[in-house]
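Student: Here's a structure for you.
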Amino acid sequence: MPFWYTLLLAIITPLYRLRVFLRSRHEADYQPEIQQRFGPLQPATLKNPVWIHAVSVGETNAAQPIIEYLLGLGLPVLVTNTTRTGAARVRTLFASPIAKQQLEQHFLPVDTAQLMRDFVEIHQPRALLMIETEIWPNLLAVLEQRHIPSILINARLSERSAKGYGRFPSLVTPMLKRLTLIAAQDQDTALRFIALGADADHVVVTGSLKFDLSAPESALGLAQEIKTAWHLEGRPVIFAASTHEPEEKLVLEQFKILHAEFPNALLIIAPRHPERFDRAADLIAEQGFQYARRSRAESVDAQTSVFLADSMGEMWTWYSLAQIAFVGGSFSETGGHNPLEAASLGVPVVMGPHTFNFAQIVDQFKQAGALIQIERPEDLAPIWREWLLHENLRLDAAHAASHVMSANRGALQRQLNLVDGLLKQ
């Protein structure tokens, strides 16, 4: 491992530990989180599991069908996450008594050589499946030393991220060569990994798992209950999903313009990060809207104009209620979030200019007429207005979204076949 990487870890680790302390010290599971991230590591509940690393909520959702497949085979499964929201999602998805017997969840330790050696020694995984993007040099070095296969599932790599990796070839190239297999979402991603040093023979294009997603029946059922209880039949509903700073403010300003013409319209806002929930509530109040909050179990009535979805794991429900979606991270230079959940439910999408995280997917939906990408926030209200006034245009976009989803399904089975092959090694 390059000396500078080891030195960088030594500098960053205390700062990272302080950040975790400040963020989580009031949580009941603070001490277990600290131990899992920084040591001393505790004994494993399961031995020789299939190890899946999913950074946060999106990666955990993508991994869900693979985890269910492995559990269905009777295999023990270890899931690690980087974020608390990802860990919470695992616990929500796999809360049944049977799943709890087969599945263990941990935070991923910091990527020091010693912690990774200890972690692998304790759990003795039979294989590692990493979801989408996050790979760590010391982790892969330890797996290679132990002859434990590893695969990057549903891999995506934006042009921007590839340029960042390209600045550190002494670290990145050996790391990529240690991967047993890279299952890329698209050809552009595959070529970027190869350009960074991955062996071309170990890179395959399988498509994106997220094209195979479908809304859970529980979420659809809850959406129907809410629609009835809130008397939403006939009300225009717009969902602003996974918003970042300053998108809540921008969306609210545009909704205020729309609301003057459609006074019965309802805006649902779901900030991406829980720490922004209270700030979003303040912004709603500043705009003078009557609003309700999910965290307070408040209902929507005829006078409610904005609903703050300040909860985790309920995105499917809010998409199910909406006729139109704005997908966030696209005005904040975050790179945009995935529009596929909306598309799978036939909800047309508007996004801002920054969509490099899902550039190829966004382009597919744009070309099909299922997604409109805008450069300026002030274009939001006119597009919402057009879709609300002309239902045929909105339905055409919804049908186009469903068509793109159908045409791209099949990645799940292709990646399950790769997993099967990996486990037989």
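The values are calculated or read from the model by the stated rules, or taken from the named source; none is laboratory data. Keep in mind it's a predicted model, so treat the numbers as computed, not measured. Don't worry about glycine lacking a Cβ; one is built from the backbone with ideal geometry, like all the others, and counts go over all protein chains shown. These area figures cover heavy atoms from the full protein model, side chains too; ligands, DNA and RNA do not enter into them. Shrake-Rupley method; radii C 1.70, N 1.55, O 1.52, S 1.80 Å.
Student: Quick check: the distance between the Cα centres of the range 387-402 and the range 298-322, to the nearest angstrom?
Tutor: Between the Cα centre of the range 387-402 and that of the range 298-322, the gap is 22 Å.
Student: Ignoring ligands, DNA and RNA, what percent of the accessible area of the range 66-115 is carbon or sulfur (1.4 Å)? The partial results should precede the final answer.
Tutor: Details: 1190 of 1950 Å².
After summing per-atom areas, the C and S share lands at 61 percent.
Student: Bins of 20 Å, beginning at zero and ending with the bin holding the largest distance: percent of Cα pairs per bin for the chain, please.
Tutor: Histogram of Cα-Cα distances, whole percents per bin: 25, 56, 19, 0.
Student: Set the Förster distance to 51 Å, then compute FRET efficiency between T304 and H403 from the Cβ-Cβ distance, nearest 0.05. Please report the intermediate quantities before stating the final value.
Tutor: Values: r = 35 Å, r/R0 = 0.68.
Efficiency, from the Cβ-Cβ distance: 0.90.
Student: So, in nm, how far is label K177 from label R146 when the simple model puts each one 7 Å beyond its Cα toward the Cβ?
Tutor: 2.3
Student: Still on this model: Give the value in nm², to one decimal: projected area of the alpha carbon convex hull of the range 6-129, averaged over all directions.
Tutor: 7.6
Student: Ok, one more. Per residue, how much accessible surface does the range 1-139 expose to a 1.4 Å probe? Answer in Å², no decimals.
Tutor: Details: 6200 Å² over 139 residues.
Here the residues of the range 1-139 average 45 Å² of exposed surface.
Student: Taking K47 as the anchor, which lysines have their alpha carbon closer than 24 Å to its alpha carbon, excluding any fewer than eight residues away along the same chain?
Tutor: Reachable lysines: K100, K424.
Student: Provide, in order from the shortest bin, the percent of all Cα-Cα pairs of the range 203-328 in each 10 Å bin, continuing until the bin that contains the maximum pair distance.
Tutor: 12, 46, 30, 9, 3, 0
Student: Using the Karplus equation 6.51 cos²θ - 1.76 cosθ + 1.60 (θ = phi - 60°), what ³J(HN,Hα) coupling, rounded to whole Hz, does each residue of the range 276-293 give in order, writing x for Gly and Pro?
Tutor: For the range 276-293, the Karplus-derived couplings read 9, 4, 5, 5, 4, 4, 4, 5, 4, 4, 4, 7, x, 7, 7, 9, 10, 10 Hz, x marking Gly and Pro.
Student: What nm value, rounded to one decimal, do you get for the distance between S311 and K227 when each label is placed 7 Å out toward the C-beta?
Tutor: 1.7
Student: What FRET efficiency would be calculated for the residue pair N417, L191, taking the C-beta separation as r and a Förster radius of 22 Å, to the nearest 0.05?
Tutor: Rounded to the nearest 0.05, the efficiency is 0.45.
Student: Given a 1.4 angstrom probe, what's the average accessible area per residue across the range 333-415, in square angstrom? Could the numbers behind the result be given before it?
Tutor: Working: 3630 Å² over 83 residues.
Solvent-accessible surface per residue comes out at 44 Å².
Student: If you don't mind, there's one more thing I want to ask. Students often check this: by mean Cβ neighbours within 10 Å, which of 144-154, 382-392, 240-250 ranks highest, and how do the rest follow?
Tutor: Numbers: 144-154: 19.0, 382-392: 14.7, 240-250: 21.8.
Taking the mean over residues of other Cβ atoms within 10 Å, the ranking is 240-250, 144-154, 382-392.
Student: If you don't mind, another one. Given a Förster radius of 22 Å and the C-beta distance between I12 and H273 as r, what FRET efficiency does 1/(1 + (r/R0)^6) yield to the nearest 0.05? Don't skip to the answer; put the middle values down first.
Tutor: Values: r = 21 Å, r/R0 = 0.95.
Plugging the Cβ-Cβ distance into 1/(1 + (r/R0)^6) gives 0.60.
Student: OK, next. Expressed in nm², what is the orientationally averaged projection area of the convex hull enclosing the Cα positions of the range 286-425? Write out the running numbers ahead of the final one.
Tutor: Values: hull surface 45.3 nm².
Over every viewing direction, the Cα hull of the range 286-425 projects on average to 11.3 nm².
Student: With every protein chain kept in place and ligands, DNA and RNA left out, what is the accessible area per residue of the range 186-301? Probe 1.4 Å, answer in Å². Present the calculation step by step, with values, prior to reporting the outcome.
Tutor: Numbers: 5430 Å² over 116 residues.
Solvent-accessible surface per residue comes out at 47 Å².
Student: What spacing in nm lies between the two simple spin-label points modelled at K163 and L393, each 7 Å away from Cα in the Cβ direction?
Tutor: Going from the K163 label point to the L393 one covers 3.4 nm.
Student: Tell me, rounded to the nearest percent, the portion of alpha carbon pairs in the range 272-362 spaced more than 19 Å apart.
Tutor: Details: 2002 of 4095 pairs.
Counting pairs separated by more than 19 Å, the tail of P(r) holds 49 percent.
Student: Something else: In degrees from 0 to 90, rounded to the nearest 10, what is the angle of the helix 247-261 Cα long axis to the longest principal axis of the chain?
Tutor: Long axis of 247-261 versus the principal axis of the chain: about 20 degrees.
Student: Then there is this: For the range 239-355, what's the relative contact order in percent, using C-alpha pairs closer than 8 Å and at least 6 residues apart? Each step should come with its number before you reach the end.
Tutor: Working: 203 pairs, mean separation 33.1, N = 117.
About 28 percent, as a whole number.
Student: Something else: Could you tally up the Lys pairs in the range 166-293 with alpha carbons closer than 30 Å? Skip any pair fewer than 8 positions apart unless they're on separate chains.
Tutor: Values: K177/K210; K210/K227; K210/K249; K227/K249; K227/K256.
Summing the qualifying lysine pairs gives 5.
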